[in-house]
Amino acid sequence: MAENRAKEQQKSWWKNAVVYQIYPKSFQDSDGDGVGDIRGIIGRLDYLEELGIDAVWISPMYRSPQNDNGYDISDYQDIDPMFGTLADMDELITEARKRGIRIIMDLVLNHTSDEHQWFEEAKKGKDNPYHDYYVWRDGEEGTYPNEMKAVFGGPAWEWVPELKQYYFHQFAPEQPDLNWENPKVRREIYDMILWWMERGVGGFRLDVIDQIAKEPDKGITNNGPRLHEFLRELSKETFQKGNLITVGEAWGATPEIAKKYSNPDGSEFSMVFQFEHILLDQQEGKEKWDLAPLPFVKLKKCLARWQEELFEKGWNSLFWNNHDLPRIVSRWGDDGEYRTESAKMLAAVLHGMQGTPYIYQGEELGMTNVKFADISDYRDVETTNMYYERLEAGYEQEDVMRSLYAKSRDNARTPMQWDAGENAGFTTGTPWIAVNPNYTQINAEAERRNPDSVYQFYRKLIRLRKENPIFVNGKFELLFPEDEELFAYTRTDGETKMLVCANFTGKNVKCPLLGKWKDAEVLIHNYEKEIGEELKPYEAVILVQHQ
Ligand code: TEU
């Protein structure tokens, strides 16, 4: 049993890992051009080592015209000069390895940039060998093949007059969708991935991977019929040749589907990012901008369902944040009076569950959303498109700004707050997007100095995971599912039992259960006080006992 576990642990090292996500444009600038870069990341590796993480997922740094901040790739086998060179990338991989950190690349395989050589060729003629790399439909100008809409607004079809054809794009028109039905496309992709694996990359995050097997004539974007067939081929031809961590972004994943993606037989990926818990605070059937009150009980039940369903049948990723999402402390916590307490509470609740935790840059400092006064301060294509579309549709400007303050992707993209100096220590130049003015209070330097900071709390949580196998193996059980204030659950691994108990509100809340646990060992707690039967605002505690 113990031996099996050890073997399993080596193969599935990522089950014990904590991953940190870097949005490279906003992490650290090294050359004063106002944009983060690879040398900036190298300079911060010691910080990441101190935090204790095992791997870093970096959003795309390939050559790109940056219409969607690098999620529009024009050359998969080169680094954008804005970020540095391939030699810098090699150095980053090596320097990270020295500190026990693996580099996870972000693969955007659903679409390329319209400036990718394949697309430039594809546009030249219907008989060009690259034409079939993309998804085309004959037609007439002004009459779209169907009503499908792009994620970033407008129709999902773009007219090319020279060809008298439309091409399909699920995102911006500058992001034409690749045709995965074409085996040549798949082969090109596999060879490119193998090339990165040879450079020493430790894993991959796969952008909108559930959208590759589209069937636009049937209006199918995600979970197309051939999806898992493609993924098994992809995995066999590439990932399975190395001991990698792979995580697919899958907005359309249910627990049933996630069991396929993260099948313990290793036939697809290590795990997926699912978004059910992220989509709860929007009105049903509407867009993310259409805010709904936070449904706390639904949140707990949703997370619990994923814990239960994937137990021994798959593997969860655990995340509150990424580069597309608002800051968690501004969403489910309190970014005012109880910022520190609630940031720690949210961390404890997430890291206490089963799965691989992801920390998005600045989350470990309790960074918050931003409220820029004017739309011209925003940079994100999704945000600015929505702003003008909604104004045109007659929405009040104030309401549009309210949605944007809550949900704009730029909330996550303001520069990393390193210190209280100019531009938060992010750049000596003019940052490409403004720094959140609260950097004078919230920054890494202050957090590192303070023994009670959010940062130190994250460090401790990461350490606890390494020291206590129950974090990885324990079976999850939700307590008081209908309670509207407490998030409480246990994890059980053989004789060991762990309790995670958190107050999700800004007031004192009774939790008599804690009385029964009064002799248990306290693993982590976000208040100085003794643990009683009443929890203070956003108080959270993790206890363990051996029966
Ligand atoms: O995101 C997928 C995606 O669907 C998002 O656009 C999401 O719907 C939106 O952000 C929610 O508001 C991935 C990347 O994470 C994102 O940054 C890219 O823009 C997108 O794919 C296109 O590559």
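Taking each residue of the stretch 22-49 that is within 17 Å of Asn67 (Cα to Cα) and looking for partners that are assigned to a helix (DSSP H, G or I) and open to solvent by 10 Å² or more (accessible area, probe 1.4 Å) with beta-carbon atoms closer than 7 Å, six or more apart or interchain, yields Val35/Lys25; Gly36/Lys25.
Please go through the stretch 519-541 and give me each residue that is touching a Cys at 6+ places or on another chain (Cβ under 8 Å) and either more than 17 Å from Thr505 (Cβ to Cβ) or crowded, with 17+ Cβ neighbours inside 10 Å (or both), ordered by number.
Within the stretch 519-541, Leu535, Ala540, Val541 meet the criteria.
Scanning the stretch 160-189 for residues that are acidic (Asp, Glu), part of a loop (DSSP other than H, G, I, E, B) and within 16 Å of the ligand (Cβ to nearest atom) yields one hit, Glu174. The combined condition, being among the aromatic types (Phe, Trp, Tyr), in a loop (DSSP other than H, G, I, E, B) and farther than 28 Å from Thr440 by Cβ, is fulfilled by Tyr395. Here is a list: Asp72, Asp106. Which entry is outside any loop (DSSP other than H, G, I, E, B), modelled with pLDDT of 95 or more, within 16 Å of the ligand (Cβ to nearest atom) and under 21 Å from Ile189 (Cα atoms)? Result of the check over Asp72, Asp106: Asp106. Quick check: is even one residue across the stretch 133-144 within 16 Å of the ligand (Cβ to nearest atom), among the hydroxyl-bearing types (Ser, Thr, Tyr) and either in contact (Cβ under 8 Å) with a residue 60 or more places away in the chain or within 20 Å of Asp191 (Cβ to Cβ) (or both)? Yes, because at least one residue in the stretch 133-144 is within 16 Å of the ligand (Cβ to nearest atom), among the hydroxyl-bearing types (Ser, Thr, Tyr) and either in contact (Cβ under 8 Å) with a residue 60 or more places away in the chain or within 20 Å of Asp191 (Cβ to Cβ) (or both).
Does Glu447 satisfy the criteria of being in contact with a Ser or Thr (Cβ under 9 Å, 6 or more places away or on another chain) and either within 15 Å of Gly366 (Cα to Cα) or among the β-branched types (Val, Ile, Thr) (or both)? Outline the logic, then answer.
On the way: in contact with a Ser or Thr (Cβ under 9 Å, 6 or more places away or on another chain): yes; either within 15 Å of Gly366 (Cα to Cα) or among the β-branched types (Val, Ile, Thr) (or both): yes.
Criteria met by Glu447.
A search for C-beta distances below 6 Å between a residue of the stretch 248-263 that is closer than 22 Å to Gln170 by Cβ and any residue that is open to solvent by 50 Å² or more (accessible area, probe 1.4 Å) and within 16 Å of the ligand (Cβ to nearest atom), counting only pairs 6+ apart in sequence or on different chains, returns Gly252/Asn222; Gly252/Asn223. Scanning the stretch 38-68 for residues being in contact with a Pro (Cβ under 9 Å, 6 or more places away or on another chain), under 21 Å from Ile193 (Cα atoms) and open to solvent by less than 40 Å² (accessible area, probe 1.4 Å) gives a total of 5. Taking the numbered list (1) more than 23 Å from Trp136 (Cβ to Cβ); (2) away from the ligand (no atom under 16 Å from the Cβ); (3) among the aliphatic types (A, V, I, L, M); (4) open to solvent by less than 40 Å² (accessible area, probe 1.4 Å) in turn, Met192 passes all entries but (1).
How many of the residues making up the stretch 71-83 are in contact with a strand residue (DSSP E or B) (Cβ under 7 Å, 6 or more places away or on another chain) and not β-branched (Val, Ile, Thr)?
Restricting attention to the stretch 71-83, the residues satisfying the condition of being in contact with a strand residue (DSSP E or B) (Cβ under 7 Å, 6 or more places away or on another chain) are 73-76, 78-80.
Adding the requirement that they be not β-branched (Val, Ile, Thr) leaves 74-76, 78, 80.
Qualifying residue count, the stretch 71-83: 5.
Looking at the stretch 475-497 only, could you name the residues that are farther than 16 Å from Cys302 by Cβ and surrounded by 23 or more Cβ atoms within 10 Å (Cβ to Cβ)? Once the filter is applied, which keeps residues that are farther than 16 Å from Cys302 by Cβ and surrounded by 23 or more Cβ atoms within 10 Å (Cβ to Cβ), the stretch 475-497 yields only Arg491.
Can you tell me which residues in the stretch 17-28 are in a loop (DSSP other than H, G, I, E, B) and open to solvent by 10 Å² or more (accessible area, probe 1.4 Å)?
As a first pass, look at the stretch 17-28 and keep what is in a loop (DSSP other than H, G, I, E, B): 17-18, 23, 27-28.
Once the filter is applied, which keeps residues that are in a loop (DSSP other than H, G, I, E, B) and open to solvent by 10 Å² or more (accessible area, probe 1.4 Å), the stretch 17-28 yields only Gln28.
Among the residues making up the stretch 326-368, a single one is open to solvent by 10 Å² or more (accessible area, probe 1.4 Å) and of a type in the set (A, V, I, L, M): Ile328.
The values are calculated or read from the model by the stated rules, or taken from the named source; none is laboratory data. Small disclaimer: the values here were computed from a predicted structure and weren't measured. Note that each Cβ is placed from the backbone with ideal geometry, even for glycine, and that neighbours are counted across all protein chains shown. Calculation scope for accessible area: heavy atoms of the full protein, side chains included, ligands and nucleic acids excluded. Shrake-Rupley method; radii C 1.70, N 1.55, O 1.52, S 1.80 Å.
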